[in-house]
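A.B. asks: Take a look at the following structure, please.
The values are calculated or read from the model by the stated rules, or taken from the named source; none is laboratory data. The structure presented is a predicted model; accordingly, all values stated were derived computationally and were not measured. In this analysis, Cβ positions are derived from the backbone assuming ideal geometry, glycine residues included, and neighbour counts consider all displayed protein chains.
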Amino acid sequence: MKIEQTKLSGVVIIEPTVYTDQRGYFFECYHFKKFAAAGIDVQFVQDNQSKSARNTVRGLHYQINPGQGKLIRVVSGEIFDVAVDIRWDSPTFSQWVGVRLSADNKKQFFIPVGFAHGFCVVSDVAEVHYKCTDYYSPSDERGIIWNDPQVAIEWPVEQPILSARDQQLPAFNQIERDFDFGGVQAGV
C-alpha cells in the first residue's frame, strides 16, 4: 500500500497493492493495522454506497459535532473526488484537493474530520463506497454550494445534475461557525 500526502494535512490518497493473475485481482481495501501504521488511526462505524449517473455532483457535505471522516473508493466507474478544508484556524482553510478515483485505479481517498466532501461522476455511471468515522446525523449535516467562487473547485463538468437540497446549499462565506473539530474551534 502506498500513501500519498496531499497539500491538506490529514487528507491522503491510498493506492493499495493489487495482486492480479488469470483469475482477476485481489486487494485489501481496508486493514486496520496497516492504515493505523500509515497514520489513519480511526474507527469506522458506518458504510455507505451510492450509484450515480454521469455529471452528477454530490456535495459539498460535512457533519458537525463531532464531524465525520470518510474513506472513499469506487466500486464501478470513475469520479472526481474533492475535499475542502473547513477548519477555521487551518493554514489551508478554504483550500481544496481533488483526485480521480475509479474501479480501474482502485485508489482510495481518506478525508478526516474537518473537511467538506463532494464528488462528480465522470463515467456513464459510478458506484461509490465509503466508510464513515461517525454515524450519519441529519441534524448535524451541513454543506457548501458545489460551485462556490471562493473555493473555486475545477470540476470536470459543465452542466451538473444536483439534488434539490444541494442546489440550496450556502456559499462558503455563509457557513455557520457552529462546530469544533477536535481543537480547531469555530471562532467568531
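A.B. asks: Of the residues VAL122, VAL75, VAL57, VAL99, which is modelled with pLDDT of 95 or more, β-branched (Val, Ile, Thr) and within 12 Å of the chain's Cα centre (by Cα)?
C.D. replies: One residue alone meets the criteria, VAL99.
A.B. asks: Still on this structure, I have one more. Does the stretch 45-53 contain any residue that is in contact with a Pro (Cβ under 9 Å, 6 or more places away or on another chain) and over 15 Å from PHE109 (Cα atoms)?
C.D. replies: For the stretch 45-53, residues in contact with a Pro (Cβ under 9 Å, 6 or more places away or on another chain) and over 15 Å from PHE109 (Cα atoms): absent.
A.B. asks: So, of the residues in the stretch 176-188 that are surrounded by fewer than 17 Cβ atoms within 10 Å (Cβ to Cβ) and part of a loop (DSSP other than H, G, I, E, B), which turns out to be modelled with the highest pLDDT?
C.D. replies: Ranking the candidates gives GLU176 first.
So that you can scan it fast, the table gives a plain yes or no per residue for (1) under 24 Å from PRO160 (Cα atoms); (2) in contact (Cβ under 8 Å) with a residue 40 or more places away in the chain:
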{"site": "GLU28", "(1), (2)": "no, no"}
{"site": "ALA38", "(1), (2)": "no, no"}
{"site": "ASP41", "(1), (2)": "no, no"}
{"site": "VAL45", "(1), (2)": "no, yes"}
{"site": "GLN49", "(1), (2)": "yes, yes"}
{"site": "ASN55", "(1), (2)": "yes, yes"}
{"site": "GLY59", "(1), (2)": "yes, yes"}
{"site": "GLN63", "(1), (2)": "yes, yes"}
{"site": "GLY67", "(1), (2)": "no, yes"}
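A.B. asks: Taking THR6 as meeting all but one of (1) closer than 27 Å to SER137 by Cα; (2) under 15 Å from the mean Cα position of the chain (by Cα), write down the number of the exception.
C.D. replies: (1)
A.B. asks: Shifting gears a bit: Suppose the filter is touching an Asp or Glu at 6+ places or on another chain (Cβ under 7 Å) and at pLDDT 95 or above; does PRO66 pass it?
C.D. replies: no
A.B. asks: If you check every pair at least six apart or on different chains, which have Cβ atoms under 8 Å apart with a residue in the stretch 86-100 that is at positive phi first and a residue that is among the acidic types (Asp, Glu) second?
C.D. replies: Filtered contacts from the stretch 86-100: SER94/ASP85.
A.B. asks: Considering only the stretch 2-18, I want to know if a residue exists there that is of a type in the set (Ser, Thr, Tyr), assigned to a strand (DSSP E or B), on the phi < 0 side of the Ramachandran plot and at pLDDT 95 or above.
C.D. replies: Among the residues of the stretch 2-18, not one is of a type in the set (Ser, Thr, Tyr), assigned to a strand (DSSP E or B), on the phi < 0 side of the Ramachandran plot and at pLDDT 95 or above, which makes the answer no.
A.B. asks: Okay, moving on. Just to be sure I understand, how many residues within the stretch 139-175 are in a loop (DSSP other than H, G, I, E, B) and either exposed (fewer than 15 other Cβ atoms within 10 Å of the Cβ) or of a type outside the set (D, E, K, R) (or both)?
C.D. replies: In the first step, residues of the stretch 139-175 are kept if they are in a loop (DSSP other than H, G, I, E, B); the result is 144-160, 162-163, 168-171, 175.
Now restrict to residues that are either exposed (fewer than 15 other Cβ atoms within 10 Å of the Cβ) or of a type outside the set (D, E, K, R) (or both): 144-147, 149-160, 162-163, 168-171, 175.
So the answer is 23.
A.B. asks: Counting only residues that are among the hydrophobic types (A, V, I, L, M, F, W, C) and in contact with a Phe, Trp or Tyr (Cβ under 6 Å, 6 or more places away or on another chain), which one in the stretch 64-80 is farthest from ARG54 (Cα to Cα)?
C.D. replies: Among those residues, the one meeting the criterion is ILE64.
A.B. asks: Which of the residues that make up the stretch 1-35 are of a type in the set (Phe, Trp, Tyr) and either under 16 Å from ILE72 (Cβ atoms) or out of contact with any strand residue (DSSP E or B) (no Cβ under 9 Å at 6 or more places or on another chain) (or both)?
C.D. replies: Correct list: PHE27, TYR30, PHE32, PHE35.
A.B. asks: Within the stretch 98-112, which residues are outside any loop (DSSP other than H, G, I, E, B), out of contact with any Phe, Trp or Tyr (no Cβ under 6 Å at 6 or more places or on another chain) and surrounded by fewer than 20 Cβ atoms within 10 Å (Cβ to Cβ)?
C.D. replies: SER102, the sole residue that qualifies.
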